[in-house]
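Student: Sharing a structure here in structure tokens format.
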């Protein structure tokens, strides 16, 4: 990760960490970089945050000032930008969003011409230009100045693409949708209605400050309550930029990303659509998922935390499904990144084709209790390699046996270690985590345990 761009773009508080000058210079560099040999076309999408309009204008100004054309999708999802970038022949794509963060944060995500996360070397070059470490770029003049194009039609093409994925109509199904007052607020209803479902939608009235506020995939209580009121087959909750989806079964119980991957992978295998017989997860997926996959003979691989690493593994090894417990699921046949609406469609397909309720489909995955504590340490690597700490990790693992596990991993941006344990009981998790933290303290490595 660089100075500004992390695993999911340049993100921070609007006008504090990320300001319009940053956006302008990002646009300037992209317009110049992709326009060196021919006129570049760059597509931009945004979520519903108040500051997204500010960044949209700044990016577009930077792009056209370097001689490229900026195509505006307006409010749409990150996976929409990814799809349109690769299907419409754009030089690259930009999404303005801070995903599931509160409204006062924002971010700029860069996508290459394939609709994948931008290559690190290009983002590194953008960072150097932002900081003035490379020569200033020329401005386009006269008829070389680029154009800004209203490209709302691209969003409609994406909606059509989503509707075409379903092989079975959703007639006689009632679906609840929580759009998080974000990017899916128009798109999700349009797709499910086009597929024949009866739709009940909440949190589809964005005002610029209510995105993700007590709603969506990070605050799923409202959707659970709506489903429990009755007459709903299931519910789907999206995040601010629409790349995540969590589900709620007919009883109002949450079905998380691990359970979604299990349900879809099992069905794909039964239909002969999982030739690699593998699911790609991150190291944070629940032990219950792995045990359930073992039961049905499906293999799995584990990557570092982040959808970027999941996709890189899938692409390198030709795997078809992968994702995170948070609901960021990638179906590589249809998308190069997580797409919450595609995830919802795929789950609906399984329900319809098996004629089983979501609660039954998810039941084989018994989620283990999990405790995660963030520990500030003097030196992350030293704490990981300390012999006394490693001895406590080994002792905790031996005590838990096959019914639990321990994981230590470094934060990518802070002097923090994340200490996690899964076990049959919450109390066993707490004991494992606390004994490891106690070892860090005894060795003089602990600064504090964050609340």
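Student: Please note which helices (runs of 4 or more DSSP H) are completely contained in segment 317-409 and include at least 2 residues that are modelled with pLDDT under 95.
Tutor: 380-385, 387-400
Student: Might you let me know whether segment 378-390 holds any residue that is closer than 19 Å to residue 325 by Cα and in contact with a helix residue (DSSP H, G or I) (Cβ under 7 Å, 6 or more places away or on another chain)?
Tutor: Taking every residue of segment 378-390 in turn, none turns out to be closer than 19 Å to residue 325 by Cα and in contact with a helix residue (DSSP H, G or I) (Cβ under 7 Å, 6 or more places away or on another chain).
Student: Can I ask one more? Scan (1) surrounded by fewer than 16 Cβ atoms within 10 Å (Cβ to Cβ); (2) not assigned by TED's automatic domain parsing to the domain that holds residue 421 for the single condition residue 338 breaks and write down its number.
Tutor: Unmet condition: (1).
Student: From (1) within 20 Å of residue 122 (Cα to Cα); (2) in contact with a helix residue (DSSP H, G or I) (Cβ under 6 Å, 6 or more places away or on another chain); (3) surrounded by fewer than 20 Cβ atoms within 10 Å (Cβ to Cβ), pick out the condition that doesn't hold for residue 28.
Tutor: All conditions are met except number (3).
Student: Which one of these is surrounded by fewer than 19 Cβ atoms within 10 Å (Cβ to Cβ) and under 22 Å from the mean Cα position of the chain (by Cα): 165, 187, 220, 202?
Tutor: Within the list 165, 187, 220, 202, the selection yields 165.
Student: In segment 71-88, is there at least one residue being in contact (Cβ under 8 Å) with a residue 60 or more places away in the chain, over 27 Å from residue 339 (Cβ atoms) and either in contact with a strand residue (DSSP E or B) (Cβ under 8 Å, 6 or more places away or on another chain) or not in a loop (DSSP other than H, G, I, E, B) (or both)?
Tutor: First pass over segment 71-88, keeping only residues in contact (Cβ under 8 Å) with a residue 60 or more places away in the chain: 71-80, 82-84, 86-88.
Adding the requirement that they be over 27 Å from residue 339 (Cβ atoms) leaves none.
The answer is no, given that none of the residues of segment 71-88 is in contact (Cβ under 8 Å) with a residue 60 or more places away in the chain, over 27 Å from residue 339 (Cβ atoms) and either in contact with a strand residue (DSSP E or B) (Cβ under 8 Å, 6 or more places away or on another chain) or not in a loop (DSSP other than H, G, I, E, B) (or both).
One line per residue, one yes/no per condition, for (1) under 27 Å from the mean Cα position of the chain (by Cα); (2) assigned by TED's automatic domain parsing to the domain that holds residue 286; (3) more than 30 Å from residue 296 (Cβ to Cβ):
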| position | (1), (2), (3) |
| --- | --- |
| 378 | no, no, yes |
| 391 | no, no, yes |
| 396 | no, no, no |
| 401 | no, no, no |
| 409 | yes, no, no |
| 416 | yes, no, yes |
| 420 | yes, no, no |
| 426 | no, no, no |
| 432 | no, no, no |
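Student: Which one is surrounded by the fewest Cβ atoms within 10 Å (Cβ to Cβ) among residues in segment 255-288 that are in contact with a strand residue (DSSP E or B) (Cβ under 6 Å, 6 or more places away or on another chain) and free of Cβ contacts under 8 Å to residues at least 60 places away in the same chain?
Tutor: Taking the candidates together, the pick is 277.
Student: Any residue in segment 255-268 that is within 17 Å of residue 405 (Cα to Cα) and either modelled with pLDDT of 95 or more or not in a helix (DSSP H, G or I) (or both)? Lay out the reasoning, then the answer.
Tutor: Initially, segment 255-268 is screened for residues within 17 Å of residue 405 (Cα to Cα), giving 258.
Subsequent filtering for residues that are either modelled with pLDDT of 95 or more or not in a helix (DSSP H, G or I) (or both) retains 258.
Yes: segment 255-268 contains one or more residues that are within 17 Å of residue 405 (Cα to Cα) and either modelled with pLDDT of 95 or more or not in a helix (DSSP H, G or I) (or both).
Student: List pairs: first in segment 223-236 and at pLDDT 95 or above, second crowded, with 19+ Cβ neighbours inside 10 Å and in a helix (DSSP H, G or I), Cβ under 6 Å, 6+ apart or cross-chain?
Tutor: 234/358; 235/223; 235/227; 236/344
Student: Based on this model, can you work out whether residue 149 counts as part of a strand (DSSP E or B), more than 21 Å from residue 61 (Cα to Cα) and either modelled with pLDDT of 95 or more or in contact with a strand residue (DSSP E or B) (Cβ under 8 Å, 6 or more places away or on another chain) (or both)?
Tutor: Numbers: part of a strand (DSSP E or B): yes; more than 21 Å from residue 61 (Cα to Cα): no; either modelled with pLDDT of 95 or more or in contact with a strand residue (DSSP E or B) (Cβ under 8 Å, 6 or more places away or on another chain) (or both): yes.
So residue 149 fails the test.
Student: Still on this structure, I have one more. Buried (at least 20 other Cβ atoms within 10 Å of the Cβ) and within 10 Å of residue 436 (Cβ to Cβ): which single residue out of 396, 362 fits that description?
Tutor: Testing whether each residue is buried (at least 20 other Cβ atoms within 10 Å of the Cβ) and within 10 Å of residue 436 (Cβ to Cβ) leaves just 396.
Student: Right, another one. Which one of these is without any contact (Cβ under 8 Å) to a residue 24 or more places away in the chain and assigned to a loop (DSSP other than H, G, I, E, B): 114, 136?
Tutor: Exactly one of 114, 136 is without any contact (Cβ under 8 Å) to a residue 24 or more places away in the chain and assigned to a loop (DSSP other than H, G, I, E, B), namely 136.
Student: Just the residues that are part of a helix (DSSP H, G or I), closer than 29 Å to residue 50 by Cα and without any contact (Cβ under 8 Å) to a residue 60 or more places away in the chain, please, taken from segment 117-133.
Tutor: The one that is part of a helix (DSSP H, G or I), closer than 29 Å to residue 50 by Cα and without any contact (Cβ under 8 Å) to a residue 60 or more places away in the chain: 128.
Student: Being over 17 Å from residue 253 (Cβ atoms) and either without any contact (Cβ under 8 Å) to a residue 24 or more places away in the chain or out of contact with any helix residue (DSSP H, G or I) (no Cβ under 9 Å at 6 or more places or on another chain) (or both) is the filter here, so list the residues in segment 334-377 that pass it.
Tutor: 352, 355, 374, 376
The values are calculated or read from the model by the stated rules, or taken from the named source; none is laboratory data. Computed from a predicted structure; not experimentally measured. For neighbour counting, all protein chains shown are included, and Cβ atoms are generated from backbone atoms with ideal geometry for every residue, glycine included.
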